1. Say we look at segment B:372-397 and pick out the residues that are free of Cβ contacts under 8 Å to residues at least 60 places away in the same chain and polar (S, T, N, Q); which of these is farthest from B:LEU449 (Cα to Cα)?
2. Any residue in segment B:331-349 that's outside any helix (DSSP H, G or I): show its pairings with residues that are among the polar types (S, T, N, Q) at Cβ separation under 8 Å, as long as the two are six or more apart or on different chains.
3. How many residues, within segment A:81-94, are farther than 13 Å from A:ASP164 by Cα, hydrophobic (A, V, I, L, M, F, W, C) and at pLDDT 50 or above?
4. What single numbered condition from (1) open to solvent by less than 10 Å² (accessible area, probe 1.4 Å); (2) over 30 Å from B:ARG202 (Cα atoms) fails to hold for A:ALA268?
5. Within segment A:305-329, how many residues are within 18 Å of B:LEU423 (Cβ to Cβ), open to solvent by 30 Å² or more (accessible area, probe 1.4 Å), part of a helix (DSSP H, G or I) and within 9 Å of chain B (Cβ to nearest Cβ)?
6. Output yes when any residue across segment B:320-332 is away from chain A (no Cβ under 11 Å) and among the hydroxyl-bearing types (Ser, Thr, Tyr), and no when none is.
7. Does any residue of segment B:258-277 turn out to be modelled with pLDDT of 90 or more, of a type in the set (D, E, K, R) and touching a strand residue (DSSP E or B) at 6+ places or on another chain (Cβ under 6 Å)?
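The values are calculated or read from the model by the stated rules, or taken from the named source; none is laboratory data. Every value quoted in this text rests on a predicted model; they were computed, and no experiment measured them. For neighbour counting, all protein chains shown are included, and Cβ atoms are generated from backbone atoms with ideal geometry for every residue, glycine included. Side chains included, ligands, DNA and RNA excluded: accessible areas come from the protein's heavy atoms. Shrake-Rupley method; radii C 1.70, N 1.55, O 1.52, S 1.80 Å.
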Amino acid sequence: MNPLSHLGRHLGHTILVPYQGGPNIQHAGLLKHAEDLQRELNANIGSKISYETISILWPGRIFRKTVLALMLLLWAGLPPVQADPPPCAEISKSYDDKLVVSDITGVPAPTSGFDRRDVKSALNMKLEALEKDLEDVVKFVFCTNRTPSGESDYQSKLSETLNDYNVVMEVWGEANENEAVISYLVVPLRHYEHFIGSNDELTGFLEVFYLRGSANTDLAALFRDAPEAQALASVALGLKYLKRASAAIDPNQITYNFNYAREFFCRAVGILDQIRPSEGRSGLEPEDWQRLFAYAKASAYKCAQLALDDPRYFGTLRDLDQKRLKDCGCCPGGE
Amino acid sequence: MECLKQNQMLPLFIAGPTFFIVLSIMLLAGSPTGAMAGAMVGCGEPFAFNGAPVNVIVVQYHFDEGKEYDAGFSDMILNTAMRLTWLIKLDLFLNAQYGGLGIVSHIEDRRPELCDAEEIERKLYQGLVTPQQGVVIVSGRIYQKDDDIFFQTYAKRVRLSKESPPFPEIDTVKIAVEDRRGNTIKLASSIPGETITFPPRRMRLADLKKIEDVFAEAAKVYSKPEAGKVEYTIELDPRRPTAFSVTSIRADGWIEIHSFFDDRGGWVRLKPKDANNVHHYLPEIDLINGLVGYLRLRQSFEGGRFEANPLPMLERMNRSFNRYVERGPAVAGAQPAAVASSLSGTAFLLKGGKLATQMALAEFEKAIENQPYNADLLNLKAIAEANLGFRYEEPTTAVQAVRTNLLDALSLKPNNTYTIGNLEALYAYLTGQPQLISAMPDNPTVDQLQSSRRRLKKMQELLQK
């Protein structure tokens, strides 16, 4: 069984939604309604204050709605702060968690070196493995005519828009005679950690280079099994579920989302642990790997701490000791 | 009928839907349970032997094709992709002898986009498979540039339910452990790795040439199991589906086949040296062989229409999985190796007995070495520890090991219903046994265990909604 199909079964049919009937599990359509509301509020209120933030600050339902109404009135006379439109029509077709695959650019077929087709095929292999792993959790969306130029494309408004549309990651590639590059933009990292959290080390933008004449000297390196995409997608989903848990009111939803956030962060820790740069299997730069590994590990622990600090959380993390909470399982192979 | 006399393929006018009706009738009349059969069909019209205990559906590997690319690449890769399906088929006939197997190649030359494994699988469930059958779907991607050929294989195992029409079941193991005092604890786990993603592999053009040579030899049909006059040659043409039964297999690689559509038969051969080459380029065949064995074992343990003696199968399956895992992590890949060990472990666990449970435990430990952060593997290990310790050995030493593995699994996957259920069952089992509670280092009170049980039950209720 796909390790995440249990989650997929829940996500495919019913999704827990705040404010839509208390502890009951509601249909996905209601989630969209809730997200529409959230998006509408975010668009009016601006990028720094989100509906999730308001939910945390003022947990009482009637009080919160009153405050929101007053805030809307207050902002009514001001020009709205518009988030950027989604860069590709496919993105706005649904609010499912999604992974966006954009175009591969570069030379079509040089006499030697890498070409567009090489990168496309290698990326297809990497993404197909990811799809089989996460098919129940994220949808794959293809923006065939979109060619991001790099990190600078993803300013705060676009990052927020992508995050609002639940894009967890965007992937694209570039090839020329001397190098092939696969680029990843981990949207929740970019939005929450880099822009909102002002963390300059976690930009959410990662590039994996395959240079001719370097250690990654030939096509084999490009095609080598390096599941960095799985690790990055897991970090993105962990952060996404952590935010959902923090924004939720209903104890069931809080418990459910904290647990899945924990699962995704621990998954990322496990995958990154297996592709340590010293073992030559990671496509990630050592500094990027180090940052991500530390972040995933710390987030798995933080997630558990937040859950335990929330009296409404009733999940199984309460049965675990500190060591297990810290290390994503204690001492593989037994104590 | 002259066409049928000239080669073993169906004439075009009865290809398509008629082919499946004819073949189904023939198979109902003589079900190949305990026997082997092969077929080759176009990807647009999937097929499975509905009387075979297990079908291996080999889908032609996908290759990236586009107008901007050289058409010469496409033809070469396409031919390789189709020929690989034949070689995989012969190798499995020789090695996956578990008492009943159907292998169906799905190929396509003009419209390779039809070879979509998910779409083929979906169509299989629309009346082409029957209750309790097992299916292994093998597919992949292939890419060539200059002297390099890269390919990646996927294998999905499916156990079909007893209901009619059947649906694919989630692969789980459920064990009721009865200790020496007559107390019972029921434990369960899902089995990881329904779909296996093998590491991408690289071949050189010279290797491709070797595959072509192996295919050229393996496609010749002789009247006797000896090199002599070639009666005819297997042609891979998706517009001319073929189907044959395997009536005899010899250790030196000779396979006797008989067409389902005429009285002709003959011998094909995959020489041991050539089989070694195929295994060298496609080590995943060993794991696929093991998957067939695993599915047959599950059928045999559960009884029903495909029941057979599990013992020879267990040994054969384990040998295939081990052959794959022993290639080392770089070749085997962490996930496939972990799946191989976990399936071996599951089969040993289901066999029962102290020795088999010890072997199950060793296999789960091997799997965890490859995937230390896999919660399902920790859960399976806990079940093996419980079966060994509570049933056969000393419960006081086992109880902490079982609990440790379950808590580690929960730490990784706190929403896992099976782990939650197992921990709740463990605490319920311990509640009436103070000597076991006191054997745990943290020496929890009965009240603490009861409180944990309440929380675990509440989680179960949430996840069952």
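1. If we filter segment B:372-397 for residues that are free of Cβ contacts under 8 Å to residues at least 60 places away in the same chain, which is where we start, we get B:372-373, B:375, B:378, B:381, B:384-385, B:388-389, B:392-394, B:396-397.
Then keep just the ones that are polar (S, T, N, Q); that gives B:396-397.
Details: B:THR396: 17, B:THR397: 18 Å.
Filtering segment B:372-397 for residues that are free of Cβ contacts under 8 Å to residues at least 60 places away in the same chain and polar (S, T, N, Q), the one farthest from B:LEU449 (Cα to Cα) comes out as B:THR397.
2. B:GLY333/B:THR197
3. Going through segment A:81-94 one residue at a time, the tally reaches 2.
4. (2) is the only condition that A:ALA268 fails.
5. If we filter segment A:305-329 for residues that are within 18 Å of B:LEU423 (Cβ to Cβ), which is where we start, we get A:307-308, A:313-321, A:323-325, A:328-329.
Then drop every residue that is not open to solvent by 30 Å² or more (accessible area, probe 1.4 Å), which leaves A:308, A:318, A:321, A:323.
Checking which are part of a helix (DSSP H, G or I) leaves us with A:308, A:318, A:323.
Within this subset, residues satisfying the condition of being within 9 Å of chain B (Cβ to nearest Cβ) are A:318.
Selection size over segment A:305-329: 1.
6. yes
7. Yes, the conditions are met somewhere in segment B:258-277.
Results for (1) in contact with a helix residue (DSSP H, G or I) (Cβ under 7 Å, 6 or more places away or on another chain); (2) part of a loop (DSSP other than H, G, I, E, B); (3) under 30 Å from B:TRP267 (Cα atoms), shown as yes or no for each residue.
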{"site": "B:ILE88", "(1), (2), (3)": "yes, no, yes"}
{"site": "B:GLU118", "(1), (2), (3)": "no, no, no"}
{"site": "B:LYS123", "(1), (2), (3)": "no, no, no"}
{"site": "B:LEU128", "(1), (2), (3)": "no, yes, yes"}
{"site": "B:ILE137", "(1), (2), (3)": "yes, no, yes"}
{"site": "B:THR153", "(1), (2), (3)": "yes, no, yes"}
{"site": "B:LYS156", "(1), (2), (3)": "no, no, no"}
{"site": "B:PRO165", "(1), (2), (3)": "no, yes, no"}
